[in-house]
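Notes follow once the structure below has been shown.
The values are calculated or read from the model by the stated rules, or taken from the named source; none is laboratory data. It should be emphasised that the depicted structure is a prediction, and the values quoted were computed from it without experimental measurement. Glycine gets a Cβ as well: all are built from the backbone with ideal geometry, and neighbour counts include every protein chain shown.
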Amino acid sequence: MKKFSSRKGFLLIADILIVAVTGTFANLALMWADILRGAHTADSLSVPWSTMTLLLGIVGLFTVLFLLSLGAYSFFWRLYGKKDFLVCGIAVTLSFMLSGVFAYYFNIFDRQLPVLYFVIFYLSSLFCMLLVRLLFKQAIVRLTEAGREENARRTLIVGAGQAAKLILADIESAKSDPNNPSHDIFPVCLVDDNRAKYGTKINGVPVLGNTQDIPQICKANNISLILFAIPSCTDEERKQILEICSETQCNIKMVPYLSQLYFDDTSSGKGLLKQVQDIKIEDLLGRDPISFDKDSIKAFIKGKVCMVTGGGGSIGSELVRQIANYDPKQIIIVDIYENNAYDIQQELRLEHDDGLNFVTLIASVRDYDKMESIFKEYKPHIVFHAAAHKHVPLMETSPEEAVKNNIFGTYNVATLAENYGVEKFVMISTDKAVNPTNVMGATKRCCEMIAQYKAQHSTKTEFVTTRFGNVLGSNGSVIPLFRRQIESGKPVTVTHPDIIRYFMTIPEAVSLVLQAGAMAHGGEIFVLDMGDPVKITTLAENLIRMYGKVPYRDVEIKFTGLRPGEKLFEELLMNEEGLKSTENKKIFIGNQIAIDEEDLLNKLTELKKYAEENNSEKVVEMLSAIVPTFKHKIN
């Protein structure tokens, strides 16, 4: 408050000085006119000094009162816009009108009011007040900002709409606060695809071109920061513009979607700059956010005992988080890795206090007896089976471990779910299960077959599979690896220049699992429409640019060759499955393939024998026998 009062006092004194100087100047000018024309006192154009002093006091008083009431002292002159100059002119005009009426009514002058003096006084005061403000704004402040600009982040704003106006206002407000993290942002220009805005200015910042011109404009104006300020654009538009922005060496930040914005002050939009965030790699996927029927999910989960195997992993822990929001009776978290299990346990305690009934258990899905004791004690209604070995290269070197954990761990949990009357068993699969070329994918396809086999004869439990592509940010995802490599100054490693993958976010993947569980009737494989696949090389290049670096110059991209079992592209559906739409336009169902139960069980028995003998070669042979589409690639 002290800072505000001292600023207001400084501006007020400056305006009083302007009134005093211009009033004195007007009288001196008229005195010289009297001398030149040899006028007598009776017909003098000037006024007595005592009268002039009194008038200066009246005009000065009314001027500052009007300026105060109209808010002209609420901020420094360097922040003045057209509206503020107009307000200032109105305040000066009203003050002189009221002063004239006041002087005439109280007969301050000993003769008729000297109109000429009053007019010159008014015009010179108005001119000087506006001129001083304008000069201060354009000259003094620009000199000050020129020094600040040397260390400032020269910024281009994408979009010249209302969001850009609010951001520019926030930037101006932040300049005077060195503790504000945005105080060093220096807005240089804007771009907008509306041609009518070319050549115009917003708060003094020019619109220099359209989004296609961003790379050239950034280079010509030495831009270091791009603010994406179009919260209402579509995902595809955002992707296209961000790809253009990522061609520059600039750091990129963006305003969230319109639906995600909040305002500290809804009348002014203050705080919009605070919501600007770093670009996320999923912003470059170019796919609309997946929407889900939360009511059906809540009806599915509410009041149920839900077990999540692999509950400490990236997918399992997110399952636990989302299930917790749908009022379950109890959550059973099962994981063999104690550190992950501990982390999600502590997170739930912190987030929900004592309002959530859950238990965390250390157990392996390989251990049938241990898992049976859990089913017997907690009697789950729904089982989400997320426990699995998922790292493709590691499973290539230890195929028997992939079989023990993925296949027979799934068989254990699925069998127990059936034996203990679980309502629904939801298995998490992967696009690598489609026409697999690696051991991990083959084991997951075998798991899908187990779920379908169980669905064929189970009368109590509905077995369903959910299949999706790579999950951004999950354990084993390329994104965390790329980030670590960039931040440590090492080359980013990509296996092949043409390798492509489907991607989705962890919350989307988990929402698919929950939605599928709610929709399932048994035997389905639910598949998410994940849009166009993403080239991993492009993903790496964009991530490097997001760090403000240039691919291949600042950060090298090394192509290491396809790993054992890896293929250039993944598929989401097997040819023989076909595709059937659902009420959710983004979710499809693969038709169930009939499973020869006797043949499957015989081969699983043989596979288990080889796995227990740790016979890797025979394990791979049996996987090929069980999964006819498995074409092992050694690379």
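Hey, does the stretch 179-197 have a residue that's assigned by TED's automatic domain parsing to the domain that holds ARG238, at pLDDT below 85 and more than 24 Å from PHE228 (Cβ to Cβ)? Reasoning before the result, please.
Just the residues of the stretch 179-197 that are assigned by TED's automatic domain parsing to the domain that holds ARG238, to begin with: 179-197.
Subset that is at pLDDT below 85: 179-184.
Okay, now just the ones that are also more than 24 Å from PHE228 (Cβ to Cβ), so 179.
Yes: the stretch 179-197 contains one or more residues that are assigned by TED's automatic domain parsing to the domain that holds ARG238, at pLDDT below 85 and more than 24 Å from PHE228 (Cβ to Cβ).
Just one of (1) farther than 18 Å from VAL308 by Cα; (2) among the aromatic types (Phe, Trp, Tyr); (3) without any contact (Cβ under 8 Å) to a residue 60 or more places away in the chain trips up TYR453, so point out which.
Only one criterion is unmet by TYR453, namely (3).
What about GLN240, is it free of Cβ contacts under 8 Å to residues at least 24 places away in the same chain, farther than 22 Å from LYS82 by Cβ and out of contact with any helix residue (DSSP H, G or I) (no Cβ under 6 Å at 6 or more places or on another chain)?
no
Of the numbered conditions (1) under 17 Å from VAL439 (Cβ atoms); (2) modelled with pLDDT under 95, ARG553 fails exactly one; give the number of that condition.
Of (1) under 17 Å from VAL439 (Cβ atoms); (2) modelled with pLDDT under 95, only one is false for ARG553: (1).
Given the structure, is ILE323 surrounded by 24 or more Cβ atoms within 10 Å (Cβ to Cβ) and modelled with pLDDT of 95 or more?
For ILE323, the condition - surrounded by 24 or more Cβ atoms within 10 Å (Cβ to Cβ) and modelled with pLDDT of 95 or more - is met.
Which condition number does PHE66 fail, the rest of (1) closer than 17 Å to ILE90 by Cα; (2) modelled with pLDDT under 80; (3) touching a Leu at 6+ places or on another chain (Cβ under 6 Å) being met?
(2)
If I ask for residues that are part of a helix (DSSP H, G or I) and under 23 Å from the mean Cα position of the chain (by Cα), which ones from the stretch 219-252 would you list?
ASP235, GLU236, GLU237, ARG238, LYS239, GLN240, ILE241, LEU242, GLU243, ILE244, CYS245
Could you go through the stretch 385-394 and let me know if any residue there is surrounded by 15 or more Cβ atoms within 10 Å (Cβ to Cβ), closer than 20 Å to ALA520 by Cβ, in contact with a strand residue (DSSP E or B) (Cβ under 7 Å, 6 or more places away or on another chain) and hydrophobic (A, V, I, L, M, F, W, C).
Yes: the stretch 385-394 contains one or more residues that are surrounded by 15 or more Cβ atoms within 10 Å (Cβ to Cβ), closer than 20 Å to ALA520 by Cβ, in contact with a strand residue (DSSP E or B) (Cβ under 7 Å, 6 or more places away or on another chain) and hydrophobic (A, V, I, L, M, F, W, C).
Do we have any residue at all in the stretch 535-544 that's within 30 Å of VAL620 (Cα to Cα) and either out of contact with any strand residue (DSSP E or B) (no Cβ under 8 Å at 6 or more places or on another chain) or at pLDDT below 85 (or both)?
Yes, some residue in the stretch 535-544 is within 30 Å of VAL620 (Cα to Cα) and either out of contact with any strand residue (DSSP E or B) (no Cβ under 8 Å at 6 or more places or on another chain) or at pLDDT below 85 (or both).
Going by the conditions given, is ASP343 farther than 26 Å from LYS432 by Cβ, within 29 Å of the chain's Cα centre (by Cα) and of a type in the set (D, E, K, R)?
Values: farther than 26 Å from LYS432 by Cβ: yes; within 29 Å of the chain's Cα centre (by Cα): yes; of a type in the set (D, E, K, R): yes.
So ASP343 fits the description; yes.
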